[in-house]
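Visitor: Just passing along the structure, written as structure tokens.
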Amino acid sequence: MKVAVLGSGGREHAIVWKLSQSQRIKELFCLPGNPGIKQLAKCVPLPLHDHQSLIHWAKKEAISLTVVGPEDPLSNGIVDSFLAAGLQIYGPNQKAAQLESSKTFAKQIMKIYGVPTAKSASFTELGPALRYVKENGAPIVIKADGLAAGKGVTVATSVVEAETSLRASLEKNRFGKAGSTVLIEEFLDGEEMTILSFVSGPDYLTMVPSQDHKPVFDGDQGPNTGGMGAYSPVPHLEKWLSEIEKMIVDPMVKGLQKENIYFQGILYTGLMITKEGPKVVEFNVRFGDPEAQVILPRLQNDLLEILEASTGGNLSSIKLKWKQDACVCVIMASGGYPVEYKTGFPISGLKPGVDDLVFHAGTEIFGTKLVTNGGRVLNVSSLGGSLAQARTQVYERLQSIHFENLHYRTDIASKAL
Ligand code: AMP
Ligand code: GLY
């Protein structure tokens, strides 16, 4: 088989790494990929927004299955375009992808099917939004309705901060169309956890849990990022798993069926475990980044078989098998990320071929050198017999990787330890 993965970050590197172990794949491609992915797959520099070029290429190469990594192509309807052209593709169609691309839409579905989540209201006008914030007080959460590359959420600790965020979205157009509707949400106090599920119509398989670390600094301080590290399993929150499946994943999968929304892909459930139990913070419609970088190393099954069973409507024939090992991933970021940072610094200390679980996120080749090319540069994962062991190994490995002005959190997985 020839298989193509769409995307260019650490998540896609992890997907390509896992697929590269499948005996049935003759040739693996990644569009556009990155220098790390290039060691495992042929990288093809095609833009993901140009569906017709992608389809033309996939037909010419006789690609049997295309796997979509990031949310943007999904919300732009890449799956609809491929299916209409008679090509197999893994991921939800545009209608189903609204679970991520419109927070208001996701809230509506949750409301209809009684899925526990924060109380919220949607606004398109500044006046009523400001009044709602004044009535409800802080802390309060302001969210751009649409996709904003992980930057659309403000957890406001004061009414003034909430107002500033509302004005940025509704008055100054900070997020363009994505922020022309805002969701104002009750602040949920607790600990976060991610549950990913493979979903195919009425069938679903829930993966082992993981926990992301969004704020940029140790102790969950500083602005939110796309994720500074993750680990799996999450032993201290495991007691909630059956309730999450029963109260959240199952009603969502059934609800989507009832709404005539065909969901085929990954359902990402972002949760807050509050004093009152688990509540949904957000849904995404693809693997988490960096959650994939700790989940896929633990997966024993051939990923291709799961994806094929899913597109073939045969997911219930699969039983997921997991390594007992724990996995910890630490993001090596450019100092200053997620606000302002410089790129183009040479990276040293990598051992291609030996560094199995060092995933590239923001790197490029400049001349003959590997240099930094983004906020999140490398995602260093390690598997170990326990979380403590995996964590020690990952921090040891980080010591010998260098680039100028690098930053990473030193407390990944410490909540579980
Ligand atoms: P989201 O993009 O909706 O996942 O939000 C990004 C991050 O903001 C989450 O991972 C949480 O850390 C935080 N957050 C979002 N919604 C809430 C909420 N209602 N209460 C507390 N924190 C939240
Ligand atoms: N880890 C957060 C996300 O993938 O959206």
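The values are calculated or read from the model by the stated rules, or taken from the named source; none is laboratory data. This structure is a prediction, so every number in the text was calculated from the model and none was measured. FYI the Cβ positions are ideal-geometry reconstructions off the backbone, even for glycines, and counts take in every protein chain you see. Quick note on the areas: whole protein, heavy atoms, side chains included, nothing else; ligands and nucleic acids left out. Shrake-Rupley method; radii C 1.70, N 1.55, O 1.52, S 1.80 Å.
Visitor: Sort the following peptides by mean Cβ neighbour count (other Cβ atoms within 10 Å, averaged over residues), highest first: 127-134, 183-190, 141-148.
Guide: Descending packing order for the listed peptides: 141-148, 183-190, 127-134.
Visitor: Okay, moving on. Restricting to DSSP loop positions (anything but H, G, I, E, B) with no more than 16 other Cβ atoms inside 10 Å of their own Cβ, which GluC sites (Glu not before Pro) remain in region 282-363?
Guide: The qualifying sites are Glu340.
Visitor: Just how far, in whole angstrom, is region 195-232 from region 346-380 if you go by their alpha carbon centroids?
Guide: About 23 Å separates the Cα centre of region 346-380 from the one of region 195-232.
Visitor: Pull out a ≥ b ≥ c, the square roots of the eigenvalues of the alpha-carbon gyration tensor of the chain, then state rounded if a/c is under 1.5, prolate if not and a/b is larger than b/c, and oblate in the remaining case.
Guide: It comes out rounded by the Cα gyration axes.
Visitor: What does the charge dipole of the chain about its Cα centre add up to, to the nearest 20 debye, if the Cβ of each Lys and Arg holds +1 and the Cβ of each Asp and Glu holds -1? Each step should come with its number before you reach the end.
Guide: Values: 42 positive and 43 negative charges, 109 e Å.
It comes to approximately 520 debye.
Visitor: Determine the per residue accessible area of the chain with all protein chains present and a 1.4 angstrom probe, expressed in square angstrom.
Guide: 42
Visitor: Can you pull out the GluC sites (Glu not before Pro) in region 28-126 whose DSSP state is coil and whose Cβ has at most 12 other Cβ atoms within 10 Å?
Guide: Answer by residue number: Glu125.
Visitor: Heavy atoms only, probe 1.4 Å: what % of the accessible area of the chain goes to carbon and sulfur, would you let me know?
Guide: Numbers: 8680 of 17330 Å².
Looking at the chain in its full context, I get 50 percent from C and S.
Visitor: Within 10 Å of each candidate Cβ there may be at most 12 other Cβ atoms; applying that plus a DSSP loop requirement, which chymotrypsin sites (Phe, Trp or Tyr not before Pro) in region 374-417 survive?
Guide: Here no chymotrypsin sites (Phe, Trp or Tyr not before Pro) fit, given the DSSP loop and packing criteria.
Visitor: Over the chain, what is the relative contact order in whole percent, taking alpha-carbon pairs under 8 Å and six or more residues apart?
Guide: 16
Visitor: Sorted by average packing, counted as other Cβ atoms within 10 angstrom per residue and highest first, what order do 205-215, 161-171, 327-337 take?
Guide: Per-residue Cβ counts within 10 Å, averaged per peptide and sorted highest first, yield 327-337, 205-215, 161-171.
Visitor: Mind checking which lysines have their C-alpha under 17 Å from Lys111, skipping anything on the same chain fewer than 8 residues away?
Guide: List returned: Lys103, Lys119, Lys246, Lys254, Lys258, Lys279.
Visitor: Could you pull the accessible area for Lys254 with a 1.4 Å probe, rounded to 10 Å²?
Guide: Accessible area, nearest 10 Å²: 110 Å².
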